[in-house]
Structures are given as C-alpha cells and as structure tokens.
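The values are calculated or read from the model by the stated rules, or taken from the named source; none is laboratory data. Everything numeric in this text was worked out from a predicted model, so none of it was measured. Virtual Cβ from ideal backbone geometry, glycine too; neighbours counted across all protein chains shown.
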Amino acid sequence: MAYNHFILCCGGTACESNKGAEIYNALIKEAESQGVKSEVQIVKTGCFGFCEQGPIVKVLPEESFYVGVKPEDAREIIAEQILKGREVPRLLYKEDAKKKATAVEDIEFYQKQVRVVLRNCGVINPENIDEYIAREGYSGLEKVLFEWTQEQIIEEMKTSGLRGRGGAGFPTWMKWDFARKAPGDVKYVICNADEGDPGAYMDRSTIEGDPHSVIEGMITAGKAIGAHEGFVYIRAEYPLAIERLKIALKQAAEYGLIGKNILGSGFDFNIEIRLGAGAFVCGEETALIKSIEGNRGTPVPKPPFPANKGLWQKPTIINNVETLANIPVITAKGGAWLAKIGTEKSRGTKVFALTGKVKNSGLVEVPMGTTLREIIFEIGGGIKGGKKFKGVQSGGPSGGILTEAVLDTPIDYESLAANGSMMGSGGMIVMDEDDCVVDVSRFYMDFCVDESCGKCSPCRIGTTQLLGILEKIAKGNGEESDLDKLEVISKSMAKASLCALGQTAPNPTLSTVKNFRNEYMEHIHDKKCRAGKCKNLVRFLIDPEKCIGCGACARKCPGACISQADAAKYPDKKRPPYVIDQAACVKCGECFKTCKFNSITKS
C-alpha cells in the first residue's frame, strides 16, 4: 500500500515510560476517526537518541520533528499535518526560544553525529524484519554465507580496525582468529548485553531499536570461528529489549536466517537468550560464562582465555552489543568503509549515553577522535542552568573524572587512558559546580562494594577500605594522611585484583584525588563541602535581617530544630526571626527549600 505520510513514534524505554505507547495508540485512533487511515502509516520505532526532548514524533516526508508530545496532541497532528498539510508549530523542536523551527538535519544535537550502530534506531519498526531487510539488513550475511571463507571474514574485520566496544578495546578480528584456530568442533558466540554501568543504556537501546543487527552480527561471528550456537546474555531488568529480541529471533527463524541450513548455505546457527540477575560483575567475561553455565557469577583467572577455553570449556568469543551491531555494516560495505571513520588506532564510531548536568542528554554516536568539548558543549548544548562545568566521567564506575583542562582531548582508547580515564562501555556523566567530587567518589565506591563478588581479597577488602576512608572524609573526620592511604590501596587493588572490577574500581577516587586535591583538603582542614553535598559539613543559617518570622521553615522541619528567637532581642521587628539549633539539625535542607524570602543560606 502506498502512503502519503509516515509517522514515526519513539518506542524506546524512556519515551515508553512517558506515555509513548499512549501517543502511538492515540495517533492510530485519530487516523481512523478522521478517515485518513489509508493515507498514513504509523510506526513505533526505537530510540531517536534525543532523550531530553522526548517523547518524540517524526512525520515524513516533511521531516517534521515534534518534541515533548502528549497523547492529546495526536488529534491536532492528524488534523493539521495529515489532512491539511500544515505542521503544528508549537510542537516543533526549536534550538532556543528565539529561533524558528529547524530542519532535523540542522539540529545541533545531530550535526556532528555519524550513526553507524544507531543507523536504524528511530528509523524502522524493530518488530518488523522486512524493514530491517529493506535497509540492507542481512545483505552482508549473504556474502558471509556464500562467498567468504572464515579467513576472509576475519581479514575484513582486520581491515575495518574494529575494536571491542565493551571497554577493553581488544581488536575484534584477533579475538575471532584465536577462537577460529582453537582446536575443537564445538564453539560458542556470546553477546554481552548485561550493561550494568550507572547511567549507561547504549546496548539496551540498540537492541530495542535494531535487534536484527545484533543477530546478524552473531551469525557472522559464528561463521567466522566455526560456532553453531550463540547466547545473548541480557539482564532481566530490560523487559522491552528482551521482548523485541524474542520477536526478532522468531522472525529470523521463520525467514530461515537462523537454525539449520541457513538460506540453504549448509551453515547451522541457533541463538538462545539467557537472563542475568543484574550483577555488575557478570559484565566480566569469565563471570558471565559462569552465570550462563548456571553457576555463581564470579571471575576466574586468565589464561586460559575464553577464546581457547570458555563456555563449558569450549572456545568462545564474547562481544558486546555495540561491537556486534557494527558487523553487518562491515560485511555489507566492506571493512575499508568503516576504517575511514575515526582515528588511526581507534576506527569507527562510539556510542555514548550522555547524561548528568548537560542540556541535551541522550544517546550520542560520534566518530572516534571527536573531542569531549564537542560532545558536551556542541552536541550536548553545554551545562544546564548556566552553571560552571566541573568534570566529566567516562567509563562508569571504572572510569576517571576528567577536568576542563582536557576537554579538547580526542576520544579514543589511548587518549582517555593517558588522562586517567577509560572508554568503558560508553557512559558519559557530566558534572557541574554543584557536584562534590568526594561525594561522587563515595557513590561509585559504594556501588563497587555492593557489586564486588568477594572472590578476591584485594577487591573485597580494598573497596570496603576505600569506602570507609571516603565516608570519613565526607563526615569531616578526615586527615591529610588519608589521601596517601587512598592512593596506596588503589594502586595495590589495580595490581592484585582478579578482574577488571577490582582493578578499575579505584579510578574515580584516584582521578579526583589527583585533579581535585584542593577540594579534598577543604573537607579535611576547613570542614567544608563547597557543593553542599556532604551533609555533615553543611550548615544552614537564618539571616535575622531577612527573616520575616513567618515560621514556614519551622513547620517544615522534620527534626523540630527551628524555633523563634527571643522577641526582646529584636524590638524593632514585628515578629522575631527564627533560629536553627545546629546541634540538632539533620541537614535535610527542607528549610532552605521552603523559605521564599532567601533568608536561609547554606554554607
């Protein structure tokens, strides 16, 4: 059927949680009730990436980009755009309040992006295999199955320069070649879709928006190493991604793309889903393998590496979602095509989940070599509320916090490592002047203490010791010698821990002690937290000159530590001001939020 218009509705988790499904259903209902059902096709897609502006609806062929859409807007979109051919100006995205609505390709958020992994997200219906095929889906697999040998597949990967996007950056072709050469008739391919970093949702969104790209990548990997079975290890906390992956696998089986004798090629390959319980340590490949086997997810020493002895002691390759989603592009366009993007040592693109104190949060895919400044201040639009930039953390709990001094650093594996951080899976959290580095370091260490499997003492004991010291400093009981202890314990953990969790857990602490030492010293010597995040070091004071004696703060105080001063001391005031009993104050800040007269200060 030929349609005059196509309406694409964001169906990613963020928009779905903000009435995205209701918007989609309302548009279908309005198209029917207004008699234009045969003129417009309404499609639920994956994430558009521009999460800050969601829910998003895009209308083709006009390229109308509607943001902040509500279910009740459906009537107007159908009535105006579909029936009358007129856009709805109030819903169109605007760069700022003064500028007119912009064409999608001119929106600054997208201008410097190159969407390879996210090429189909926000474009196709992820639950329709035909739409994936229409955009060159499975075309590369045809070459892999009928034209290329195992050696040719791996050579194409080598030409592309693709490195693992799970964090370590190991060359993909090399890992595959190790497994190909490993002896044995039974081998396995595992897709790591665990993604447990706080603030990271790149892999989840890729599966939600384009599950077939991951399936095609896994089949290609299977052919390259001689494996006939694959597993997608995905945490059970991602129900939408799991559901769409199940649908995609069912459709691929119906089309003869997985199973026995794929497309008559003589090659067999099956894929099963294994649900993880949400343990961060299971992102480490040997712990992940143990979990799939039905054991407790704890790491094991290497070597042997999984490429030689992995799942059930058989040669196994493990790639994360983003790595595998690159594969169909490489097989369809050639490795040389991808190698043109990025830097000499870091080819292709990288997807980041840009979050925190940035104006335009969302999924960002940029060529390797793009600078932090470009991502944060051009794509991300800068810091919210005109606040001052303080730092950015890449790599989640394993990454360091980088300062303004390195904003012009190109993003690649080597440059980030040289500055005390890491690529990681792609979380990027922006901080402003209201963030406290001691509090941030304490948060990540608390996370690592909870997520440590406890198998090795350097990690089990080291994370607990580091957390204890950070909490001591945050409470105002720190000593200058504690900074030396933080560094000594951190370096010992990096050398002695069994897996990457323990080896990299100290990175946020090490980087902040190095880059923000003066802030630690303020906590230790001045008993002051400049950002006001460490409650024990915060004081709320009422200015008697500004206080009108309304008592709103006292009524809101949960600890009853605010009372009215002696009227005799303030004979010139109609109502005496209120005062805070500092010894009883629990530092909750309710008084500060309640006062409408700016008479309460935080120091």
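Would you mind finding the one in Cys459, Cys453 that is over 27 Å from Glu374 (Cα atoms) and either touching a Pro at 6+ places or on another chain (Cβ under 9 Å) or surrounded by fewer than 19 Cβ atoms within 10 Å (Cβ to Cβ) (or both)?
So the residue among Cys459, Cys453 that is over 27 Å from Glu374 (Cα atoms) and either touching a Pro at 6+ places or on another chain (Cβ under 9 Å) or surrounded by fewer than 19 Cβ atoms within 10 Å (Cβ to Cβ) (or both) is Cys453.
If you check Arg86, Arg90, which single one turns out to be touching a helix residue (DSSP H, G or I) at 6+ places or on another chain (Cβ under 6 Å), of a type in the set (D, E, K, R) and not assigned by TED's automatic domain parsing to the domain that holds Pro239?
Arg86
Here are the criteria: (1) touching a residue at least 40 places away in the same chain (Cβ under 8 Å); (2) surrounded by 20 or more Cβ atoms within 10 Å (Cβ to Cβ); (3) part of a helix (DSSP H, G or I). Tell me which single one Cys547 does not satisfy.
So the condition that Cys547 fails would be (3).
Any residue at all in region 545-559 that is closer than 29 Å to Ile469 by Cα and either polar (S, T, N, Q) or modelled with pLDDT under 90 (or both)?
Yes, that holds for at least one residue.
Working only within region 260-279, note down all residues that are of a type in the set (Gly, Ala, Ser) and outside any loop (DSSP other than H, G, I, E, B).
Matches in region 260-279: Gly264, Gly276.
Would you point out which residue out of Asn518, Asn536 is over 23 Å from Thr298 (Cα atoms) and free of Cβ contacts under 8 Å to residues at least 12 places away in the same chain?
Unique residue meeting the criteria: Asn518.
Return the total of residues in region 571-587 being in a loop (DSSP other than H, G, I, E, B), crowded, with 16+ Cβ neighbours inside 10 Å and of a type outside the set (Lys, Arg).
Of the residues in region 571-587, 3 are in a loop (DSSP other than H, G, I, E, B), crowded, with 16+ Cβ neighbours inside 10 Å and of a type outside the set (Lys, Arg).
Quickly run through region 421-434 and pick out the residues that are assigned to a loop (DSSP other than H, G, I, E, B) and either surrounded by fewer than 19 Cβ atoms within 10 Å (Cβ to Cβ) or free of Cβ contacts under 8 Å to residues at least 24 places away in the same chain (or both).
Once the filter is applied, which keeps residues that are assigned to a loop (DSSP other than H, G, I, E, B) and either surrounded by fewer than 19 Cβ atoms within 10 Å (Cβ to Cβ) or free of Cβ contacts under 8 Å to residues at least 24 places away in the same chain (or both), region 421-434 yields Glu433, Asp434.
Among the residues of region 283-313, count how many are assigned to a helix (DSSP H, G or I) and of a type outside the set (D, E, K, R).
Number of matching residues: 10.
Do you know which residues across region 138-186 are small (Gly, Ala, Ser) and modelled with pLDDT under 95?
Selection gives Gly164, Gly166, Gly167, Ala168, Gly169, Gly184.
So if I check each of Leu245, Leu257, Leu240, which one is assigned to a helix (DSSP H, G or I) and buried (at least 21 other Cβ atoms within 10 Å of the Cβ)?
Leu245
Given the conditions (1) surrounded by 18 or more Cβ atoms within 10 Å (Cβ to Cβ); (2) under 23 Å from the mean Cα position of the chain (by Cα); (3) of a type outside the set (A, V, I, L, M); (4) over 21 Å from Pro183 (Cα atoms), and given that Thr286 satisfies all but one, which numbered condition is not satisfied?
With respect to (1) surrounded by 18 or more Cβ atoms within 10 Å (Cβ to Cβ); (2) under 23 Å from the mean Cα position of the chain (by Cα); (3) of a type outside the set (A, V, I, L, M); (4) over 21 Å from Pro183 (Cα atoms), Thr286 is out only on (4).
Condition test on Gly137, is it closer than 27 Å to Glu32 by Cβ and either surrounded by 15 or more Cβ atoms within 10 Å (Cβ to Cβ) or out of contact with any helix residue (DSSP H, G or I) (no Cβ under 9 Å at 6 or more places or on another chain) (or both)?
no
Hey, could you check region 40-98 for residues that are surrounded by 15 or more Cβ atoms within 10 Å (Cβ to Cβ) and small (Gly, Ala, Ser) and say which is nearest to Asn18 (Cα to Cα)?
Restricting to residues being surrounded by 15 or more Cβ atoms within 10 Å (Cβ to Cβ) and small (Gly, Ala, Ser), the top hit is Gly54.
So that you can scan it fast, the table gives a plain yes or no per residue for (1) hydrophobic (A, V, I, L, M, F, W, C); (2) within 25 Å of Arg115 (Cβ to Cβ); (3) part of a helix (DSSP H, G or I):
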site	(1), (2), (3)
Arg180	no, no, yes
Cys191	yes, yes, no
Glu208	no, yes, yes
Ser213	no, yes, yes
Glu216	no, yes, yes
Ala221	yes, yes, yes
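Given the condition closer than 16 Å to Lys84 by Cα, of a type outside the set (Asp, Glu) and either surrounded by fewer than 23 Cβ atoms within 10 Å (Cβ to Cβ) or touching a Phe, Trp or Tyr at 6+ places or on another chain (Cβ under 8 Å) (or both), answer yes or no: does some residue in region 5-16 qualify?
yes
Which of the numbered conditions does Ile383 fail, given that it passes all the others? Conditions: (1) β-branched (Val, Ile, Thr); (2) buried (at least 23 other Cβ atoms within 10 Å of the Cβ); (3) touching a Lys or Arg at 6+ places or on another chain (Cβ under 6 Å).
(2)
Exactly one of (1) out of contact with any Asp or Glu (no Cβ under 8 Å at 6 or more places or on another chain); (2) more than 20 Å from Cys121 (Cα to Cα); (3) assigned by TED's automatic domain parsing to the domain that holds Asp203 is unmet by Gly335. Its number?
(1)
Looking at region 269-280, can you tell me whether even one residue there is at pLDDT 95 or above and more than 27 Å from Tyr201 (Cβ to Cβ)?
Yes, region 269-280 contains a residue that is at pLDDT 95 or above and more than 27 Å from Tyr201 (Cβ to Cβ).
Taking only region 29-39 into account, find how many residues are touching a Lys or Arg at 6+ places or on another chain (Cβ under 8 Å) and within 23 Å of Ser17 (Cβ to Cβ).
Within region 29-39, residues that are touching a Lys or Arg at 6+ places or on another chain (Cβ under 8 Å) and within 23 Å of Ser17 (Cβ to Cβ) number 1.
Any residue in region 349-368 that is surrounded by fewer than 24 Cβ atoms within 10 Å (Cβ to Cβ) and of a type in the set (A, V, I, L, M)?
For region 349-368, residues surrounded by fewer than 24 Cβ atoms within 10 Å (Cβ to Cβ) and of a type in the set (A, V, I, L, M): present.
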